Amino acid sequence: MIGAKDMRIFAVIGFVWFAAATVAQAASTQADFDAALAAALAAEKDAGALKNQWTTTEQALAAAKKAAAAGDFDAAVKQAKQAEALAKASIAQAKEQDTAWKAGVIH
């Protein structure tokens, strides 16, 4: 059983991890953006193959490219990662919906 002391330890670990991630993200470069954009585009391509691309993903990709063009790589990486997450969510939705219809069929 997890006690209050254990919960405080988990909270401290979580805070340290969050702080480290924030500091690491604050120094984003063109290379970081290129990697994040490549991952987002790959996920978006997979979503397209399933015929389930979301417009919000396209908006996040456009925002990422715009931020990168302005030299704001922190924002660009953040938007590219958001686009990747949205694309992966659309993939999960497509896969779930592919079989969910069976539950609605009367047997």
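The listed peptides 50-58, 78-86, 35-43, ordered by packing as a protection proxy, come out as 78-86, 35-43, 50-58 (highest mean of other Cβ atoms within 10 Å first). Sequentially through the range 66-76, phi angles give Karplus couplings (6.51, -1.76, 1.60; θ = phi - 60°) of 5, 5, 5, 4, 7, x, 8, 6, 4, 5, 5 Hz, Gly and Pro residues having no value and appearing as x. Rounded to the nearest whole Hz, the Karplus-based 3J(HN,Hα) values (6.51 cos²θ - 1.76 cosθ + 1.60, θ = phi - 60°) of the range 31-36 follow the sequence 5, 4, 5, 4, 5, 5, with x at glycine and proline. Near T57, once Lys and Arg are set to +1 and Asp and Glu to -1 for all other residues with Cβ below 10 Å from its Cβ, the sum equals -2. Length available on full extension from A62 to A42: 0.36 nm per residue minus the Cα-Cα distance, which gives 5.7 nm. Using a simple spin-label model with pseudo-atoms 7 Å out from Cα toward Cβ, D74 and A35 lie 1.9 nm apart. The modelled label-to-label distance for the pair I106/A92, using points 7 Å beyond Cα in the direction of Cβ, is 3.4 nm. Scalar couplings 3J(HN,Hα) for the range 50-64, obtained by applying the Karplus form with A = 6.51, B = -1.76, C = 1.60 to θ = phi - 60°, are 8, 6, 9, 8, 9, 5, 5, 5, 4, 5, 5, 5, 4, 5, 5 Hz; x denotes Gly and Pro.
Each value in this text was obtained by applying a stated rule to the coordinates, not by laboratory testing. Predicted model only: the values in this text are computed from it and were never measured. Glycine also receives a Cβ, built like all others from the backbone with ideal geometry; neighbour counts cover every protein chain displayed.
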